[in-house]
There are 2 protein chains.
Amino acid sequence: MNIAEYMLQIGKNARDAATILGRSNTQVKNAALAAIADELEAHQPELLAANAQDLAQGKANGLESAMLDRLTLNEKGIAGMIEGLRQVIALPDPIGCISDLHYRPAGFQVGKMRVPLGVVGIIYEARPNVTIDAASLCLKSGNATILRGGSEAIQSNQAIAKCIAAGLEKAGLPATAVQVIETTDRAAVGELIRMSKYVDVIIPRGGKSLIERISQEARVPVIKHLDGICHVYIDDKADLNKALQVAYNAKTQRYGTCNTMETLLVAKGIAAQILPILAEKYHATGVELRGCAETLKILPNITAANAADWDTEYLAPILSIKIVENIDEAIAHIRTHSSQHTESIITEDWDRGMRFLQEVDSSSVMVNASTRLADGFEYGLGAEIGISTDKFHARGPVGLEGLTSQKFIVLGNGHIRQ
Amino acid sequence: MNIAEYMLQIGKNARDAATILGRSNTQVKNAALAAIADELEAHQPELLAANAQDLAQGKANGLESAMLDRLTLNEKGIAGMIEGLRQVIALPDPIGCISDLHYRPAGFQVGKMRVPLGVVGIIYEARPNVTIDAASLCLKSGNATILRGGSEAIQSNQAIAKCIAAGLEKAGLPATAVQVIETTDRAAVGELIRMSKYVDVIIPRGGKSLIERISQEARVPVIKHLDGICHVYIDDKADLNKALQVAYNAKTQRYGTCNTMETLLVAKGIAAQILPILAEKYHATGVELRGCAETLKILPNITAANAADWDTEYLAPILSIKIVENIDEAIAHIRTHSSQHTESIITEDWDRGMRFLQEVDSSSVMVNASTRLADGFEYGLGAEIGISTDKFHARGPVGLEGLTSQKFIVLGNGHIRQ
């Protein structure tokens, strides 16, 4: 197989399909989503068999158990994909929405119409359910999709791809509206992220090294986040109960997620009061604490944090703690060490809450709330294709709207420029 | 001078200044804009003297007269820059605006706050007034700016830079909020467009080859348009008067602008009726016509268009004309040859007007209006830093809002994730 030629064809197919999808109405897109759900239901045995092949191959290749877990597709997983499709059907269709339509003094109207981005490339790792999640959001938002899953999941993804293609065709849409790359050759990724003529945006989902490499090499815009080094700052005017609740939840509700707190900043004035109670809660849950020199004076039994700790996304039951003089030092620390994902202040002081909201430059900034709430579902976007820590285009949790653009429309009656 | 070190320092200065600008309120930013206007007024003699130096150098270097025109800064030009600053002062400040703030079922509030992008790099050619235009829009939107003008305008730009720096300092803002690169070494541009740590977006303004090179080499997002190959399609259900008015205006109101019509598409059913009248109007104004074979049957005295004409942005009194069967062929032609800048349909047919709006994938799509209206001022944005033909981030005329981003804010009361 000539990878460059193969990918060029994929790109051309996607561009052609995007034109058709872009003018398909909500009813047609929803019919396709429903037909895909039916196909998944009808072909459950084939999906399970394909996944069993991947799992057998994975075990033979010595994949670690966490990876095999992510790769596993069981009946519950298939039901979850079907449920996900139903949820996307229920979401409002952003395409075609006209906003800000108003008359200009000269008598013509100007407004904006929401349109698809065009072709979305998704690069992800082992989880086969991403194939359905990503395809359904792109389809609903009128975009053609090119999917490149991890090579470990190749059989599962091909089986899912067959269901998607059949569903699309039943609804009268081209099967090429969602294409799953059939080769595991890495050169295909290299082509995909450079086809700026045929691909409008790349969304990588997976580990940091994958995302870093793709952003470095891409010639197409990328929606991404690399790190989630999230901070909670407990101000000395914090309500003690809220502080305990939020600081505990932000670290322990789940360890491996990007919106989990990795560093706790505590104002000097409240540290001696709150840290012993918090430490006990963390200790009971098995969280390892690493503290700055001041923290060690209050919690003498914990490990000393080193310089690298402040820049580390643990994704594990480890928390670094730093005592700061005040909100200024907290914001300065965040400016230096944050990955601009999510930060939260715990305070009852109005002015400090407002300052934190204004001055902290992260994709989500919170007052008296857990960083774990930074999520498309929690925010009510209905779905999430990823979280962006960039400022360009979409920022924070990215739902359907992040997969769209707006064009200007002008409605005249023979209007000309004077 | 070590260019890499010099640019690194410029980048660091800009990032630091962006932090201060980002939290400066409207009053402070407007005071700086007013102080810059005062400085320009007070230092008019120095500005004219610096410009005279550039002009003398330009003449000695044999610059062509159009270039010398663009380079010239006279009293009227300075008055125009001052007027521009006053207009930017009058614009509403987008920064800090909170939208969509609403309660989630769990009881916390989620919304979006508009924030600056951070650091904006502007790369432009000879016109010295761009220095003030660009700096004022970036300043108002809370962004630090790095400006790199054409080497022909180096003395003028340095003189303007002094006024800007003095004005910023009078308002208590860092002079580094707007930095004009002092070297004409091209390596400085190479550094600027790769400093993704210090620069958030690049806006190139100038000829196609400059913009093409910058987009190719940049490692920072670029807001750009390469071409303006704009189309007007006269449908057979067009009102004859509106069609004549719009088609004439779209071509002749100004020739050298990106929103000027370059190709006129005419439905077969109306061609014999309208083309002779139109040809006479164009002829009287000195517009050269190039037609497809069908057009030549109606206008036998014009030149035959060749394949390249359909893909050419003339920026000159030349127009290519093609007769098409119907709206389908018009849209297909636009899909193949348009630069996705601006297209307009002239029709009295409701369904065709709606189809054109929905199916044409350009940054501005119009019904019964001249493509020349695609402009930030005509649209009421109050200002324009450029026009984007990309779909990512900003599309169409880019005003203050295109220089901003939105972050999510969450207002809780001790809320945690369940």
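Please treat every number below as a calculation from the coordinates, not as lab data. Just so it is clear, the structure is predicted and the values come from calculations on it, not from any experiment. We place every Cβ from the backbone using ideal geometry, glycine too, and count neighbours over all the protein chains shown.
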Select from B:Ile323, B:Ile274, B:Ile146 the residue whose mean-square fluctuation is largest in a Gaussian network model of chain B (Cα-Cα springs shorter than 10 Å).
B:Ile274
Against the longest alpha carbon principal axis of chain A, how many degrees, from 0 to 90 and to the nearest 10, is the axis of helix A:327-337 turned?
50 degrees
For segment B:316-418, what relative contact order do you get, as a whole percent, if you take Cα pairs closer than 8 Å and at least 6 residues apart?
19 percent
Cα-based helix-to-principal-axis angle, B:129-140 vs chain B, degrees rounded to 10:
60 degrees
Which value, in debye to the nearest 20, describes the size of the charge dipole of segment B:63-199 about its Cα centre when Lys and Arg Cβ atoms bear +1, Asp and Glu Cβ atoms bear -1, and nothing else is charged?
520 debye
Taking Cα atoms, the helix B:240-252 axis meets the longest principal axis of chain B at an angle in degrees (rounded to 10) of 50 degrees
Which one, A:Val266, A:Ala308, A:Leu319, projects farthest toward the positive side of the charge dipole computed for segment A:244-349 from Cβ point charges (K/R +1, D/E -1)?
A:Leu319
Once every DSSP H run of n ≥ 4 in the protein assembly as shown is given -39500 (n - 2.57) and the sum is divided by its residues, what mean residue ellipticity at 222 nm do you get, rounded to the nearest 500 deg cm²/dmol?
-13500 deg cm²/dmol
In whole Hz, what ³J(HN,Hα) sequence does segment A:209-215 give by Karplus (6.51, -1.76, 1.60; θ = phi - 60°), x for Gly and Pro?
5, 4, 5, 4, 5, 5, 5
Measure out, as a whole number of angstrom, how far apart the alpha-carbon centroids of segment B:266-322 and segment A:292-349 sit.
69 Å
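Most exposed first by the Cβ proxy, i.e. fewest other Cβ within 10 Å, how do A:Ser338, B:Ser156 rank?
Numbers: A:Ser338 24, B:Ser156 29.
Arranged by neighbour count, lowest to highest, A:Ser338, B:Ser156 become A:Ser338, B:Ser156.
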Test of understanding: extend the Cα→C-beta vector of B:Glu348 to 7 Å, then name every residue of segment B:262-303 with backbone N under 20 Å from that spot.
B:266-278
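With r defined as the distance between the Cβ atoms of A:Glu294 and A:Thr336 and R0 fixed at 22 Å, what FRET efficiency is calculated, to the nearest 0.05?
Working: r = 18 Å, r/R0 = 0.80.
That pair, A:Glu294 with A:Thr336, gives E of 0.80.
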Taking the alpha-carbon centroid of each part, what is the distance from segment A:208-262 to segment A:55-131 in angstrom?
22 Å
If the elastic network links every pair of Cα atoms under 10 Å, which of A:Leu210, A:Leu47, A:Leu147 fluctuates the most in the Gaussian network model of chain A?
A:Leu210
As an exercise, use a Förster radius of 41 Å and the Cβ-Cβ distance of B:Arg213 and A:Ala79 to find the FRET efficiency, rounded to the nearest 0.05.
0.20
Could you tell me the relative contact order of segment B:180-261? Use alpha-carbon pairs under 8 Å, at least six residues apart, and round to a whole percent.
24 percent
Counting only residues 5 or more places away or on other chains, whose amide H sits under 5 Å from the amide H of A:Thr303 once H atoms are built in the peptide plane?
A:Leu289, A:Gly291
May I ask you to derive the relative contact order of segment A:21-137, considering only C-alpha pairs under 8 Å and at least 6 residues apart, and to give it as an integer percent?
29 percent
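Per residue of B:244-257, what is the mean number of Cβ atoms on other protein chains within 10 angstrom of that residue's Cβ?
On the way: counts 1, 3, 5, 1, 1, 5, 2, 0, 0, 3, 1, 0, 0, 1.
If you average over the peptide's residues, the count of other-chain Cβ atoms is 2.
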Cβ-based charge dipole, segment A:101-232, positive-most Cα from A:Val232, A:Leu117, A:Val201:
A:Leu117
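I'd like the mean, over residues of B:359-371, of how many other protein chain beta carbons sit within 10 Å of each residue's own Cβ.
Numbers: counts 3, 2, 9, 3, 4, 5, 7, 8, 8, 7, 13, 7, 3.
Average neighbour count from other chains, rounded to a whole number: 6.
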Projected onto the charge dipole of chain B (unit charges on the beta-carbon of Lys, Arg, Asp and Glu, signs +1, +1, -1, -1), the Cα from B:Pro45, B:Leu139, B:Ser215 with the largest positive-side position is that of B:Leu139
Across B:Leu400, B:Leu381, B:Leu85, the residue with the highest GNM fluctuation in chain B (Cα network, 10 Å cutoff) is B:Leu381
Projected label distance in nm at A:Glu401 and B:Ile98, using a 7 Å step from Cα toward the beta-carbon
1.6 nm
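With a 10 Å Cβ neighbour count serving as the proxy for reagent exposure, in which order, fewest first, do B:Cys138, A:Cys258 appear?
Values: B:Cys138 29, A:Cys258 23.
The fewest-first ordering by Cβ neighbours comes to A:Cys258, B:Cys138.
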Too long for a 30 Å Cα-Cα cut-off, among A:Lys407/B:Lys281; B:Lys59/B:Lys251; A:Lys112/A:Lys197; A:Lys224/A:Lys407, are A:Lys407/B:Lys281; B:Lys59/B:Lys251
